1. Would you grab the residues whose amide H sits under 5 Å from the one on Thr257? Only those 5+ places off in sequence or on another chain, please, with H modelled 1.01 Å from N.
2. For Phe275, Phe225, what's the largest-to-smallest order of accessible area, 1.4 Å probe?
3. What percentage of the solvent-accessible surface of region 1-84, computed with a 1.4 Å probe over protein heavy atoms, is contributed by carbon and sulfur atoms?
4. Take every DSSP beta bridge with both residues inside region 225-287 and express the antiparallel ones as a percent of the total, to the nearest 5.
5. Report the accessible area of Lys126, computed with a 1.4 Å probe over the heavy atoms of all protein chains in place, in Å² rounded to the nearest 10.
6. Take every DSSP beta bridge whose two residues both sit in the chain, then give the antiparallel share in percent to the nearest 5.
7. Once every DSSP H run of n ≥ 4 in the chain is given -39500 (n - 2.57) and the sum is divided by its residues, what mean residue ellipticity at 222 nm do you get, rounded to the nearest 500 deg cm²/dmol?
8. Grab the Cα-Cα distance for Asp216 and Glu276, subtract it from 0.36 nm times how many residues apart they are, and report the gain in nm with one decimal.
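The values are calculated or read from the model by the stated rules, or taken from the named source; none is laboratory data. In this text, all values refer to a predicted model and were calculated from it rather than measured experimentally. SASA here: full protein model, heavy atoms, side chains in, ligands and nucleic acids out. Shrake-Rupley method; radii C 1.70, N 1.55, O 1.52, S 1.80 Å.
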Amino acid sequence: MKLTDLLQDIAIVRTIGETDREVTGIQFDSRKVEAGNLFVAQAGTAVDGHTFIEQCVAKGATAIVLDNPTYMPQESKEICYILVKNSDEALGKMAHCWFGKPSASLRLVGVTGTNGKTTTASLLYKLFKALGYKVGLLSTVVNYVNDEAVAATHTTPNALELNALLARMVEAGCTHAFMEVSSHAIAQERIAGLEYDGALFTNLTRDHLDYHGTVDNYLKAKKTFFDNLPKSAFAITNLDDKNGMVMVQNTKAKVCTYSLRSLSDFKGKVLEDGFEGMLMDINNVEVNVQFIGRFNASNLLAVYGTACLLGKKPEDVLLALSILQPVSGRFDALRSPRG
């Protein structure tokens, strides 16, 4: 691919060298750089990628993207150096471009929050499969390219892996994709460039303070996801969480709410519950579900609302919800041999 094409959406500060050249691949790990590659130098949390620029040049890198001006040479004929505002963001956008902007060919929905991300994203995947769609899933437990399971290493993969998986989904004929979006991925711009149709917020409790430092920083990372949504997208948030409306206060997206306690766009109530499941009222319609626990009632309500916002008929969604099985290993009810 032409370097000029890769740079079309990047906030460039300064360029040294000719950008009209072919690039054979993108790397952010200096150990993987090959001749003709573009190397993206990132500051990182443990190791600064800028210190490996010379090593990458020696290995045949044809272009270097960096955001630390200290490493910018005075001149260069053989190598093109591109100083950008943010290397992390540049990598995300270039990865999206490199793989043919796959998110533009999918109805992509991101699920964020402290708890419930895996269950909610997995249930959305299962529900749309039950409705007859080819679907992709990116989650902590496992990724799916329709029926093909792909091992998961992080809640949200790095930008190159993420876009490669989305491209595989498009190639497999998937129309929808649901993904967990971690606070780390948002802060590190791993999702930069992706085009979301919708975003879902579950809840916020104290977590990842080793990385974010404070609860406020953690909240702001999550909120950034909603701040960056386009006007064409929807944002569905949990009214039962005190931070539910904080998440969407600056979004351009269409805001909808779900709740088990308050008036909302998608209102739910647990009428009966036991070890076999629950009888729920969802928007004034009773439905039996094979899940236990109020937190699962909230997750199911979020799934229902998201499916409706993606254009599915409420009655079809409720029927699919009634046959869904809980996510394996997440609050399973087991019956002993003696009953």
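1. Thr237, Asp265, Phe266
2. Numbers: Phe275 170, Phe225 10 Å².
In descending accessible area the options line up as Phe275, Phe225.
3. Values: 2090 of 4470 Å².
With neighbouring chains kept in place, the figure for region 1-84 is 47 percent.
4. Working: 9 of 16 bridges.
For region 225-287, the DSSP antiparallel bridge percentage is about 55.
5. 70
6. Details: 22 of 56 bridges.
Taking every DSSP beta bridge with both residues in the chain, the antiparallel ones total about 40 percent.
7. Values: 11 runs with 101 residues, N = 339.
About -8500 deg cm²/dmol.
8. Numbers: separation 60, 0.36 × 60 = 21.60 nm, distance 3.90 nm.
My answer for the length gained is 17.7 nm.
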